[in-house]
Amino acid sequence: MLAFARGSVRAWSTKRRALWFGLGIAVIACCFRASVIGDGVGYYSYLPSVVAHGSFDLGPVFDRFIAINTPVARQFLEITLPNGLTADYKPIGAALLALPFYLITHLLFVLLVPGHQDPDVGAEYQLAFTAASLFYAVLTTVLLYRFVRSVFGPRPARLATVGVVLATPLVAYVLFGASYSHTFSVFTITAFAILLYATRANRTPWQWFLAGLLGGLATVTHVQEALFLALVPAEAVWQVAHRAWSARRLTGYGLLAIGVALPIVPQLAVDQVIFQQWLPQPAQNIVFDFTRPHLLDLLVSTHHGWLSWSPLVAVALLGLPAVIRRLEWLGVTLLLVGIGEFWINASLSDWWGGNAFGARRMTDQSLLIGLGLASSCAWLIRRRLARLATALVAAGVLWTALLLAQYYYVIRKDVGPPWGDFLLGQVQAIAFIPRLFIQGSVVREVAAGSWLLALYTGLVIAAVVIVAVKLGFWNSRGINGRADGDTPSPDSSGRRARNLAPVPSRSPAIG
């Protein structure tokens with residue numbers, strides 16, 4: 001009888017997971033835009049230019065996107081340099097991460113559909129790039145969930161993961177602006193930090209090199225992500241202070257440096273070819289003023305303020321002290337890096353991030369926000385306020401959904417409306433919520449009668465999601481310690497960590 005009951009529970013759990021997975025696939029199919037737009041043109045165009053045409057002149061590919069009326073800041077795609085090449089101020093990291101997806105697509109169409117491929121703006125090639133973005137977004141979600149679960153327990157981890165993905169600007173770049181670099185950045189940062197922390201006691205040569213490779217890719221995806229490399233010296237300082245450091249780690253640092261250099265060297269070479277200089281060239285419309293940062297504006301302005309557009313972040317910030325107590329050097333360094341990035345972004349002349357959804361540059365703090373939110377939710381759950389924790393996350397998701405509808409159908413322009421208009425826009429946006437679910441490429445291809453293309457797009461989306469989920473859970477078994485992830489691993493000083501999981505009895509971005 002007991003075996004039957006257990007079997008029934010497992011069967012119900014499997015059905016519930018299948019139901020949620022199917023719902024997720026349906027939402028992605030309805031909302032996911034498999035097109036390259038806005039800033040994404042600059043990130044993507046390295047692939048057709050180099051792979052298909054063997055050239056670093058991105059001008060012809062830019063011209064193709066302009067010719068098909070792609071939403072893009074055209075003035076930045078038509079800058080001819082003294083050497084005759086067209087300037088591209090976007091780094092190569094996103095293209096490197098998407099390269100396998102683009103190569104597979106290119107080889108598939110060259111071999112099976114010869115003479116009919118369009119490697120520049122073909123829908124299948126744009127899908128390859130955005131499918132890579134979706135793959136890394138889903139993989140990051142799984143890694144984040146498993147890591148946060150190992151720290152704070154399953155229920156806070158579920159709430160935190162939902163909050164990070166659906167109640168911050170990240171959702172816009174997972175679904176509606178997948179060709180932007182933000183999902184690629186969040187993946188490299190999250191994987192780099194988790195790998196470092198999970199292997200802190202006994203890191204293999206391969207893990208040293210992989211950590212460096214992830215850190216290098218983060219740097220060439222968005223240059224300010226180089227700040228996350230500070231996790232390495234922070235770990236060393238902590239180990240020295242606790243007499244856990246050994247000279248044998250010097251070899252590991254060498255392997256890590258090689259991994260970091262591997263993607264950075266190609267970036268330097270590309271900058272030399274295009275701009276004839278070794279250092280990255282900033283876009284002409286962006287300047288820094290570190291002495292007068294727009295700190296308050298970046299926090300609460302209706303012009304893409306971090307808290308005004310994502311109020312759930314405030315709940316996450318309240319949980320950071322517990323994150324620091326639990327994760328020690330990792331928590332402290334993530335917080336310091338977050339403060340540094342916030343200051344850098346506030347010092348930019350376009351601190352609001354241009355015509356895109358929310359404080360998009362702060363999506364780089366997704367790991368920190370996920371940990372902080374899980375900490376706050378765990379605190380509430382331990383005090384028998386689980387419903388309040390769930391309600392806060394649900395309210396954050398609803399606020400973001402309304403903002404997405406308001407951004408696309410009410411605000412429309414790159415402005416910060418008065419607070420009265422901003423709040424009124426949230427009410428007006430209710431009528432436009434259904435339109436968010438007809439923006440996806442699959443839905444639009446079906447509506448246009450392109451059934452084969454819709455089928456192809458749907459199959460690719462389903463495949464990358466399934467592979468990313470499986471790969472994420474498979475990898476997290478190694479990086480989180482125990483396979484079930486329910487019990488926190490020992491902290492870096494060797495002491496057994498407190499289990500912070502609640503005790504049942506107490507229990508788009510379009511620019």
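The values are calculated or read from the model by the stated rules, or taken from the named source; none is laboratory data. Please read these numbers as outputs of a predicted model, since none were measured by experiment. For neighbour counting, all protein chains shown are included, and Cβ atoms are generated from backbone atoms with ideal geometry for every residue, glycine included.
Side notes on the structure shown:
- Answer from Ala374, Ala356, Ala429 - the residue that is modelled with pLDDT under 95 and of a type in the set (Gly, Ala, Ser): Ala356
- Criterion violated by Gly449 - all others in (1) more than 21 Å from Leu134 (Cα to Cα); (2) assigned to a helix (DSSP H, G or I) satisfied: (2)
- Considering residues of the range 1-54 that are among the hydroxyl-bearing types (Ser, Thr, Tyr) and modelled with pLDDT of 95 or more only, the residue nearest to Arg360 (Cα to Cα): Tyr43
- Residue count for the range 21-43 satisfying the condition of being assigned to a helix (DSSP H, G or I) and either under 16 Å from Leu166 (Cβ atoms) or basic (Lys, Arg) (or both): 9.
- Boolean, Leu348 is in contact with a helix residue (DSSP H, G or I) (Cβ under 7 Å, 6 or more places away or on another chain) and either over 23 Å from Ala389 (Cβ atoms) or not acidic (Asp, Glu) (or both): no
- If you go through the range 344-392 and keep only what is of a type in the set (D, E, K, R) and closer than 22 Å to Ala172 by Cβ, you end up with Asp350, Arg360, Arg361, Asp364.
- Within the range 73-179, helices (runs of 4 or more DSSP H) holding 2 or more residues that are closer than 24 Å to Val313 by Cα: 123-152, 154-166, 170-175
- Matching option when the condition is in a helix (DSSP H, G or I) and surrounded by fewer than 19 Cβ atoms within 10 Å (Cβ to Cβ), among Gln239, Gln267: Gln239
- Helices (runs of 4 or more DSSP H) wholly inside the range 350-444 that include at least 1 residues being crowded, with 24+ Cβ neighbours inside 10 Å: 366-382, 386-406
- Thr291 satisfies every condition listed in (1) in a helix (DSSP H, G or I); (2) exposed (fewer than 14 other Cβ atoms within 10 Å of the Cβ) except (1).
- Only one entry of Leu330, Leu336 meets the criterion of being at pLDDT 95 or above, surrounded by fewer than 18 Cβ atoms within 10 Å (Cβ to Cβ) and not polar (S, T, N, Q), and that entry is Leu336.
- When residues of the range 110-163 are limited to those that are out of contact with any Ser or Thr (no Cβ under 7 Å at 6 or more places or on another chain) and of a type in the set (D, E, K, R), the one surrounded by the fewest Cβ atoms within 10 Å (Cβ to Cβ): Asp118
- Residue in the range 44-64 that is out of contact with any strand residue (DSSP E or B) (no Cβ under 9 Å at 6 or more places or on another chain), assigned to a helix (DSSP H, G or I) and loosely packed, with under 11 Cβ neighbours inside 10 Å present: no
- Qualifying residues in the range 199-210 (those that are among the hydrophobic types (A, V, I, L, M, F, W, C) and surrounded by fewer than 22 Cβ atoms within 10 Å (Cβ to Cβ)) - the one farthest from Val337 (Cα to Cα): Trp206
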